[in-house]
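Data block below; observations after.
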Amino acid sequence: MSGRGHLKIYLGYAAGVGKTYRMLEEAQALRQKGVDIVIGYFEPHGRKETIARTEGLETVPRRTLPYGGTSFEEMDTEAILQRKPAVALVDEFAHTNVPGSPREKRWQDVEMLLAAGIDVLSTMNVQHLESLNDQVWQVTGVRVRETVPDWVVDEAAEVVLVDLTPRALRNRIERGVVYAPEKAKRAMENFFAEANLTALREMAMRHTAHEVEERLTAPAPAPASKGHERILICLTGRPASANLIRRGKRVADYLQADCLALHVCLPSEKDPEAVERHLSFARHLRVETHTINASDVPKAVAEFARANQVTQIFMGRSLPRPLWQRYSETVVQRVVRLARDMQITIVAEGRR
């Protein structure tokens, strides 16, 4: 086996739309053709129809790990690598492994399989895309904790949208196909409210349409030039910087633009650990990060942006100021004045 494996993701907008079922249907078709295929990880959730689709498929036993006095089962990536199938099924791509696992995230386990030349079929919901985290929270009131960087999904060889109308999904939940009756009732009243499902479905369809458009056009990467977009995200230690990073990176991906993040470190820096967390988060999303020391933040931002041929700057709102400073320029206002030749986007802090 040589070369890198191919990743195919079945993307949905909520549990119960049929992602795993579709993945297993393809697995059965491949098995009928004589392809060496195994189940690396499958989460049945007690769904009889889905479980039935695993019949005849070889399953690699899971690894048991102790944590907090309890035993947990995780995918045994090393056992799959030793088995060396042509294709591995890995359910729940966005899953976070139990502490003590060789890797933190299941998508990192999948990367190991792909690097070994094994093709992977996997499943995930659109709300697990990192760049949509704030948008999903605004719509549903649920902060999704398990996320996948957009670049990981973008590198998949194929993304298949598994669609079902919100009304049909709610009907499946009511019939007990997705969850047990007591859990189904709570789900229908909260996350699975029809308005939430409609919004999530729209996100999934929009994201998939963008992926299709990008793959059809697939232009050669543009060299850095006067006409090439370069986005700069200005970071601080404030919690809202995480939203700023997601928003700026998502716009950069849509524009196929370079994306940079900058933190101007003042002599009186109050929370360097929070800043480092945001910088680390930006690097995790493949954003190029920079830190400079300066006492004049607006001037430093404008000079850095101009030196790096930035075309758009993303900033958070300035904090409220005491009364005696009410009529002086804010940091944002000064950046706007000093960088008149650039587009400035002010991102408000999300609230529900």
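For this structure, a couple of remarks:
- Within segment 96-114, restricting attention to residues that are among the charged types (D, E, K, R) and part of a helix (DSSP H, G or I), the residue that is nearest to Lys8 (Cα to Cα) is Glu111.
- In the condition set (1) polar (S, T, N, Q); (2) in contact with a Lys or Arg (Cβ under 9 Å, 6 or more places away or on another chain); (3) in a helix (DSSP H, G or I), Ser280 is compliant with all but (2).
Residues are listed down the side, and each one gets a yes or a no for (1) surrounded by fewer than 19 Cβ atoms within 10 Å (Cβ to Cβ); (2) in contact (Cβ under 8 Å) with a residue 40 or more places away in the chain; (3) on the phi < 0 side of the Ramachandran plot:
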position: Lys19; (1), (2), (3): no, yes, yes
position: Ala27; (1), (2), (3): no, yes, yes
position: Val35; (1), (2), (3): yes, yes, yes
position: Gly117; (1), (2), (3): yes, yes, no
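- The C-beta contact set for segment 170-199 (first residue touching a residue at least 60 places away in the same chain (Cβ under 8 Å), second residue charged (D, E, K, R), distance under 7 angstrom, 6+ apart or interchain) comprises Val177/Arg47; Val178/Arg172; Phe192/Arg170.
- Selection from segment 62-82 of residues that are in a helix (DSSP H, G or I) and not small (Gly, Ala, Ser): Thr77, Glu78, Ile80, Leu81, Gln82
- Top-ranked residue of segment 96-112 - restricted to ones that are in contact with a helix residue (DSSP H, G or I) (Cβ under 6 Å, 6 or more places away or on another chain) and either aliphatic (A, V, I, L, M) or closer than 20 Å to Glu158 by Cα (or both), ranked as surrounded by the fewest Cβ atoms within 10 Å (Cβ to Cβ): Met112
- Segment 119-151, residues that are assigned to a helix (DSSP H, G or I), of a type in the set (A, V, I, L, M, F, W, C) and surrounded by fewer than 21 Cβ atoms within 10 Å (Cβ to Cβ): Trp137, Val139, Trp151
- Total residues in segment 287-312 satisfying the condition of being in contact (Cβ under 8 Å) with a residue 60 or more places away in the chain, in a helix (DSSP H, G or I) and not small (Gly, Ala, Ser): the figure is 2.
- Scanning segment 41-61 turns up one or more residues that are surrounded by 14 or more Cβ atoms within 10 Å (Cβ to Cβ), basic (Lys, Arg), in a loop (DSSP other than H, G, I, E, B) and touching a residue at least 60 places away in the same chain (Cβ under 8 Å).
Throughout, read-outs are computed from the coordinates displayed, never taken from laboratory work. Here the structure is a predicted model, which is why all the values come from computation and not from measurement. Reconstructed Cβ throughout: ideal geometry from the backbone, glycine too, with neighbour counts over all protein chains shown.
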